[in-house]
Amino acid sequence: MKKIYSFIVLCVMYALPSFAQNDIDVSHYMFDEISYNPAFTGEGETFRASLLGRKQWLGFNGSPIFETFSIDGATKKFGGFGLHVVNDKLGFENVVTATANYSYGVNLGENSRLTAGFAAGIIDRFVDVSELVYQNQVQVDPEAYEEDNVVIPTINLGLRLQVHDFTLGASATHIASNLKDASVEKLPRHIYGYAKYNFRIRENFSIVPSFLVKYGSAKTQFEGNANFYFNNKFWAGASYRIGESIVAMGGIILKRRIYIGYSYDWNVGSHGRYSYGSHEIFMSWRMKKDPKQQGFYQSTRLFN
């Protein structure tokens, strides 16, 4: 009974229409644009490899846990190419999403660039029906769970505009579906919009506020963040996800190539009294620095 209660609570919190899976929530969204905008693929003309892991809502049995992996790079003539994989587990449900990404950008001016991105792939959703427990041993039609494994296609689109130190982006995931017809076989479309600006206070000190809005699964989520970068090696910051959580984060940059970050979410929503928060770890490695960047704080792209 405890298992089924926890699973039902989690599904309600995720507001899953017809048990359709939601996109993941990432506290390091300013570092992990590729998760929701394919236009970021290959940005900065570097080769990148990134890992992210999140354990959400500690204290709930079967609470969400996921890992992401991405690699991407760019060519000067043919645009950016990448691969993005998400392994997302919620209760008895496990979803693996894999997309191949492509982006192409044009320079609008000396310090302005517009990039369009496209991602296509598959979503493999599996439900372990053997773990389900039915109250009072009610007889259930076995055909209701005839398909416990479903593989469906997905397509994502995005745009990204960089003007000096300002970045503006918009994207949509699972564009072939919408909220009304969302189901196990059709994930609800998610729409993202975000902006950030790099304020250079001193040579080795910068403040980068950012804002993200996401719409999907019958709700709109707003999140704001401010990160402080200093001494060429460290960052620290905080976020507020309206009505849900307050996030503290920090990290270190090693040899300007390896980025390691950690965040902790304090839940402030209706589930805050039952949860011990959420943990998230982020790591990224780059083969080389963008040759256009002469100093450590020359572009907000460095912080992605």
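Only one of these is at pLDDT 95 or above and not aromatic (Phe, Trp, Tyr): Ala218, Ala226. Name it. One residue alone meets the criteria, Ala226. Filtering the range 76-113 to residues that are farther than 13 Å from Gly42 by Cβ, out of contact with any Cys (no Cβ under 8 Å at 6 or more places or on another chain) and not in a strand (DSSP E or B) leaves Phe92, Glu110, Asn111.
For the range 104-120, state whether one or more residues are over 29 Å from Val163 (Cβ atoms), surrounded by 10 or more Cβ atoms within 10 Å (Cβ to Cβ) and either at pLDDT 95 or above or of a type in the set (Phe, Trp, Tyr) (or both). For the range 104-120, residues over 29 Å from Val163 (Cβ atoms), surrounded by 10 or more Cβ atoms within 10 Å (Cβ to Cβ) and either at pLDDT 95 or above or of a type in the set (Phe, Trp, Tyr) (or both): absent. Tally up the residues in the range 121-138 that are modelled with pLDDT under 70 and not β-branched (Val, Ile, Thr), please. Residues in the range 121-138 being modelled with pLDDT under 70 and not β-branched (Val, Ile, Thr): 7 in total. The conditions of being within 24 Å of Ile34 (Cβ to Cβ), of a type in the set (Val, Ile, Thr) and either assigned to a loop (DSSP other than H, G, I, E, B) or modelled with pLDDT of 80 or more (or both) are not met by Ile201.
Based on what the data block shows, is Tyr259 farther than 30 Å from Glu93 by Cβ, of a type outside the set (Gly, Ala, Ser), touching a Ser or Thr at 6+ places or on another chain (Cβ under 6 Å) and part of a strand (DSSP E or B)? Here the answer is yes, as Tyr259 does meet what is asked.
Across the range 55-71, which residue is nearest to Met287 (Cα to Cα) among those that are modelled with pLDDT of 95 or more and within 14 Å of the chain's Cα centre (by Cα)?
Checking each candidate, the answer is Ser70.
The residue that is farthest from Asn37 (Cα to Cα), among those in the range 139-160 that are charged (D, E, K, R) and at pLDDT below 90, is Asp141. Of the residues contained in the range 23-35, none is found to be over 28 Å from Trp266 (Cβ atoms), hydrophobic (A, V, I, L, M, F, W, C) and either out of contact with any Cys (no Cβ under 8 Å at 6 or more places or on another chain) or not in a strand (DSSP E or B) (or both).
Filtered by the rule that a residue be assigned to a loop (DSSP other than H, G, I, E, B) and either surrounded by fewer than 19 Cβ atoms within 10 Å (Cβ to Cβ) or touching a strand residue (DSSP E or B) at 6+ places or on another chain (Cβ under 7 Å) (or both), the range 63-75 gives a lone residue, Pro64.
Of all residues in the range 204-246, those that are in a loop (DSSP other than H, G, I, E, B) and over 26 Å from Ile281 (Cβ atoms) total 1.
Matching residues to (1) over 14 Å from the mean Cα position of the chain (by Cα); (2) among the small types (Gly, Ala, Ser):
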| position | (1), (2) |
| --- | --- |
| Leu51 | no, no |
| Gly73 | yes, yes |
| Asn87 | no, no |
| Val106 | yes, no |
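Let's see how each residue does on (1) exposed (fewer than 15 other Cβ atoms within 10 Å of the Cβ); (2) free of Cβ contacts under 8 Å to residues at least 12 places away in the same chain; (3) more than 19 Å from Leu52 (Cβ to Cβ):
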| residue | (1), (2), (3) |
| --- | --- |
| Arg189 | no, no, yes |
| Ile207 | no, no, yes |
| Val213 | no, no, yes |
| Glu223 | no, no, no |
| Ala226 | no, no, yes |
| Gly243 | yes, no, yes |
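Across the range 32-62, the qualifying residues are those that are aromatic (Phe, Trp, Tyr) and closer than 18 Å to Thr173 by Cβ, and the one among them that is surrounded by the most Cβ atoms within 10 Å (Cβ to Cβ) is Phe40.
Restricted to the range 247-304, and to residues there that are surrounded by fewer than 16 Cβ atoms within 10 Å (Cβ to Cβ) and of a type in the set (D, E, K, R), the residue that is modelled with the lowest pLDDT is Lys292.
The values are calculated or read from the model by the stated rules, or taken from the named source; none is laboratory data. These figures come from a predicted structure and were not determined experimentally. Note: ideal-geometry Cβ built from the backbone for every residue, glycine included; neighbour counts use all protein chains shown.
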